[in-house]
1. Could you tell me which residue out of 197, 148, 51 lies farthest along the dipole of the chain toward its positive end? Charges go on the beta carbon: Lys and Arg +1, Asp and Glu -1, centred on the Cα centre.
2. What number comes out for the charge environment of residue 138, summing +1 per Lys or Arg and -1 per Asp or Glu over other residues with Cβ under 14 Å away?
3. State the extension gain, in nm to one decimal, for the chain segment bounded by residue 460 and residue 333, taking 0.36 nm per residue of separation less the distance between their alpha-carbons.
4. Please give the peptides 195-207, 85-97 ranked by average Cβ packing (other Cβ atoms within 10 Å per residue), highest first, as a rough proxy for protection.
5. Run the numbers for residue 109 and residue 476: contour at 0.36 nm per residue of separation, minus the present Cα-Cα distance, in nm.
6. Work out, step by step, the length gained on full extension between residue 37 and residue 640: first 0.36 nm times the residue separation, then minus their alpha carbon distance; give nm to one decimal.
7. List the lysines whose alpha-carbon lies under 26 Å from that of residue 540, not counting same-chain residues fewer than 8 positions away?
8. Efficiency by 1/(1 + (r/R0)^6): what FRET value for residue 362 and residue 308, r their Cβ-Cβ distance, R0 = 35 Å, to the nearest 0.05?
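The values are calculated or read from the model by the stated rules, or taken from the named source; none is laboratory data. In this text, all values refer to a predicted model and were calculated from it rather than measured experimentally. Here the Cβ is made from the backbone with ideal geometry for all residues, glycine too, and neighbour counts use every protein chain on show. Note: areas computed on protein heavy atoms with side chains; ligands, DNA, RNA excluded. Shrake-Rupley method; radii C 1.70, N 1.55, O 1.52, S 1.80 Å.
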Amino acid sequence: MLDLLTIHNTAQADISYRHVGSTDVTRYEKMHVEVFRDSGQASIAVAHEIADLMRDKASRGEKCVLGLATGSSPIRVYAELVRLHREEGLDFSHVITFNLDEYYELPPANRNSYWYFMHDHLFNHVNVAPRNINIPKGNIPLDEVYRHCMDYEARIMASGGLDFQLLGIGRTGHVGFNEPGSNSRSLTRLITLDHLTRVDAAGDFQGISNVPTRAVTMGIQTINQARRIVLLAWGHKKAEIIQQTVEGERTSEIPATYLQEHPNVTVLLDEESSAELRRFNTPWLVGPCDWTDTLERKAIVWLSRHVDRPILKLTERDYNSNGMSDLLALYGSAYDLNIRMFNQLQHTITGWPGGKHGFDDTFRPERANPEVKRVIIFSPHPDDDVISMGGTFERLIAQGHDVHVAYQTSGNNAVTNADARRYAEFSRDLSENFGAGNARLDFIINELSDTSTGAKADSADIRKIKSLIRRGEAIAGARFVGAADDHIHFLDLPFYETGSNRKNELGEDDIRITRELIERVRPHQIFAAGDLADPHGTHKVCLDSIFMALKELKGDRPPWLADTWLWLYRGAWQEWPVHEIEMAVPMSPAQVEAKRNAIFFHQSQKDGAMFQGEDNREFWQRAEQRNRETARLYNQLGLTEYEAMEAFRRRDF
């Protein structure tokens with residue numbers, strides 16, 4: 001709870017919704033949208049709206065009927081409601097709840113059921129009466145499902161209807177489990193899950209083959225009958241579907257667009273999920289702009305790609321025809337604008353990611369001095385280092401810098417039981433062949449042979465085997481790029497070590513462990529994963545641990561910290577947009593091949609990784625495509641063509 005409480009204590013002024021932009025700027029948006037700096041603040045805002053509604057209804061002696069959602073989006077909303085109950089006496093005794101959905105044929109005791117989720121995150125921690133908790137049943141015979149669904153509708157109506165409905169949104173545009181094709185007048189029913197929805201859930205079930213194919217869900221009409229609706233979306237993966245939902249036409253192919261019909265709906269977003277809305281993505285096409293350096297760079301890169309011409313060939317007509325006449329007026333000529341932007345992009349390219357000693361560094365992304373830099377590469381999982389910056393990792397070492405790599409979590413959750421069993425059996429057979437049998441391994445192998453999924457968390461023994469698998473792979477990969485054994489660190493941050501997909505909040509021990517390594521190395525450069533595809537995922541918590549550690553150190557003012565620069569890389573699923581890149585490190589064909597070979601050491605993540613996402617390619621294939629695409633985009637803008645590029649952004653702390 002540390003991170004959430006910190007936000008609560010330091011951001012009291014931000015708990016109310018803040019409207020961004022004028023009516024003119026938001027004219028393409030067909031629903032009321034509020035954008036927050038991050039999901040934590042947005043979650044606190046909606047939790048306080050729910051709490052105010054509960055108090056108001058209680059003061060009038062009325063029941064408060066809440067429609068609740070599951071998934072990663074509302075987790076912090078529930079955490080704040082629990083905090084309000086424990087610390088401020090928020091009373092749930094008069095609350096009636098109705099959940100949106102449940103997987104079909106999944107018993108309540110299964111850790112992946114939504115019954116389990118709601119009790120784990122909310123109901124077990126507040127004083128809501130069990131009789132007032134309503135969740136669709138997933139474990140009932142098929143011939144009883146229709147009657148159960150109609151009874152669910154009747155219970156909602158008998159309670160007076162939903163006062164408030166909380167929603168998330170899937171990448172198919174589903175709300176609840178109303179997948180593409182759902183009718184606007186649909187009621188609670190059994191539905192078949194879209195393949196993409198099942199892909200997104202695959203990590204929770206240890207593979208897509210274990211994800212249920214059906215679910216019971218409230219219908220679109222049921223949801224739209226709520227008196228108030230708040231939809232939550234966090235992270236860049238939701239940006240495209242949010243743009244289609246908010247700015248597109250109503251269509252059954254994107255069921256969330258039916259919310260446009262509701263008179264009292266608000267869409268709450270963080271900065272990443274709002275990025276594709278026109279007012280943020282291409283504001284020069286919406287209205288007058290305040291032309292900051294960042295916006296100029298974004299606009300000109302967009303213009304070059306839009307008209308399919310290198311930057312140095314852009315004309316006055318290109319600028320005037322694409323909403324940038326005011327920018328052109330500021331500089332007087334397209335030539336001046338083009339040269340300025342071309343030089344900015346050219347200066348991001350360097351083959352010396354640790355700086356080039358003895359050369360002028362005025363227009364280089366890194367300092368020339370000191371000649372030998374102490375470096376920490378923080379890797380959230382045991383493979384992010386080589387997947388995301390394997391070429392830069394190798395080059396820093398080859399150019400003589402003192403490079404440490406720190407694996408922040410064990411990564412054991414991404415190892416399948418089948419892989420762990422194979423290693424355990426090998427260890428047992430090896431021991432027996434050398435006359436040193438281990439009866440404990442037989443017990444662990446039997447435990448790993450259990451084919452049921454989701455019923456329980458991994459035991460400490462199983463977590464240890466899986467951790468050792470990932471540790472061995474990480475050591476082999478780091479050695480391959482040249483890292484010394486005594487510069488390879490395994491932090492095993494405690495927040496991760498739960499044995500299940502649900503992780504703990506960032507804690508004081510996580511920050512202390514991170515800080516101790518930074519203090520010991522005293523780095524000139526820190527590289528960290530800035531890939532926040534899932535704002536409740538491991539990458540974000542690992543990045544927060546670094547930020548909090550640096551914040552504590554900054555308060556102590558050690559003199560060496562003034563020389564520390566923080567560079568952020570992105571992970572396997574995305575790259576920084578070109579206009580945001582501040583250091584681009586080119587790679588030759590040989591370096592691309594070497595990076596691929598370093599990734600190959602992570603054998604447990606090959607062929608069928610646990611958290612594959614919607615992309616079925618292996619991690620090395622994704623990384624190569626991303627690095628080659630970055631090089632291609634630079635070339636398209638008129639700069640030198642390279643085989644591939646790794647990209648970084650500098651971040652103040």
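1. Final value for the positive-end residue is 148.
2. Numbers: positive: 111, 137, 189, 214; negative: 101, 102, 105, 144.
Within the 14 Å Cβ shell, the charges total 0.
3. That pair, residue 460 and residue 333, stretches by 39.1 nm at full extension.
4. The peptides rank, most packed first, as 195-207, 85-97.
5. 128.1 nm
6. Extending this stretch completely gives an extra 213.5 nm.
7. Leaving aside lysines fewer than 8 places away in the same chain, those within reach of residue 540 are 237, 238, 298, 456, 464, 466, 503, 551, 554, 595, 606.
8. 0.60
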